[in-house]
Each structure stands twice: as structure tokens, then as C-alpha cells.
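Notes to accompany the following structure.
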Amino acid sequence: VNRPEAVTAREEFESAAARWDEAGRPGDRLLRGWRLLALYCWSTSPGGKHDGMSPVLREFLRVSERVEGDDWLDQMLDGRDACARCGETYHIENLKVCTRCHATVCYRCAAAGPTAANGNPACRCGGELVG
Ligand SMILES: [Zn+2]
Ligand SMILES: [Zn+2]
């Protein structure tokens, strides 16, 4: 039985960070783009703060951000994208992103959906909607 909801966003991020650490911290295993945005937003989300982060995961985020450059976050948030549920277009800073499938969902649709165990809004795929 496929139960993707059995693995939380925290467990997925922690295992990516652990693999990076065990491999000798290579640059090609750092997060970029939407994956980095998802980790960054998760780390500042109520559910992420509730779950907490290991020192390796904090370092994984910090090094990934440094490699992307000072303005990576502004550049990403400056774009526009459509809500995957209702189709309305928003600035990315006003959308939430799924930690697993990276769908972008507006705050209204996120609030209308289910909630993950840590309190974050949940995506249909079992990921968490953060941002
Ligand atoms: Zn929507
Ligand atoms: Zn998802």
C-alpha cells in the first residue's frame, strides 16, 4: 500500500540533508530553485518550527542559500504563478508551495484543505503547504 503521508516533510528534508552529509557535502546535492524555496519556507512555517531541524539540516539550508546567491529569495518571490487549485494568478510571495510536489496553492485554497500533523496546511500529495 502506497502511503506517502507516512513520511513527513521534516523526514524528507532530514534524509536529503543526511545523504548530503554522508556523501561528503557535495555541491550537486544542495537544494536549488523550488526545492530550496520549499525548505526555506518550511523552516519558517509554524509546523516546521514545531518539528524543529537538526544541525545538519540547518547547515544544508544555509549552504544551499549561500550557493544560490544573496538575492535568490527575492528573485524567486518576484515571479508570478497560478494556484494549482483555483487557477488564479498571484505573486509567488502570496502563494504557498508544497514541500513534496512543489505545487503552488493560494492561501484561500490552502486554508480550505486538510491539515498536517504539525499544523501546516497539507497538500493532496501528502506534502505540506508552506510560505
Ligand atoms: Zn487557489
Ligand atoms: Zn503536493
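Where a number appears in this text, it was derived from the coordinates with a stated rule and is not lab data. What you see is a predicted model, and the numbers here were worked out from it, not measured in a lab. Using ideal geometry, Cβ is built from the backbone for each residue, glycine included, and neighbour counts are taken over all protein chains shown.
Between the helical axis of 33-44 and the longest alpha-carbon principal axis of the chain there is an angle of about 90 degrees.
What residue among Cys41, Cys123, Gly24 has its Cα farthest toward the positive end of the dipole of the chain, where the charges are +1 on Lys, Arg and -1 on Asp, Glu, each on the Cβ? Of the listed residues, the answer is Cys123.
Rg and Dmax of the stretch 1-68, both derived from C-alpha coordinates alone, stand at 12.0, 40 Å.
Taking the longest Cα principal axis of the chain as reference, the axis of helix 55-68 is set at about 80 degrees. Kirkwood hydrodynamic radius of the stretch 55-131, from the reciprocal of the average inverse Cα-Cα distance over all distinct pairs: 13.4 Å. Computed on the chain, the Cα convex hull volume stands at 106 Å³ per residue.
Please report the net charge: other residues with Cβ closer than 15 Å to the Cβ of Thr104, K and R +1, D and E -1. Present the calculation step by step, with values, prior to reporting the outcome.
Values: positive: Arg35, Arg80, Arg85, Lys96, Arg100, Arg108, Arg124; negative: Asp78, Asp81, Glu88, Glu93, Glu128.
So the environment of Thr104 carries a net charge of +2.
How high is the relative contact order of the stretch 1-121? Use alpha-carbon pairs under 8 Å, at least six apart in sequence, and give a whole percent.
On the way: 118 pairs, mean separation 28.6, N = 121.
Taking the mean separation of contacting Cα pairs over the length of the stretch 1-121, I get 24 percent.
Once the chain from Asp78 to Cys101 is taken as fully extended at 0.36 nm per residue, the excess over their C-alpha distance is 6.2 nm.
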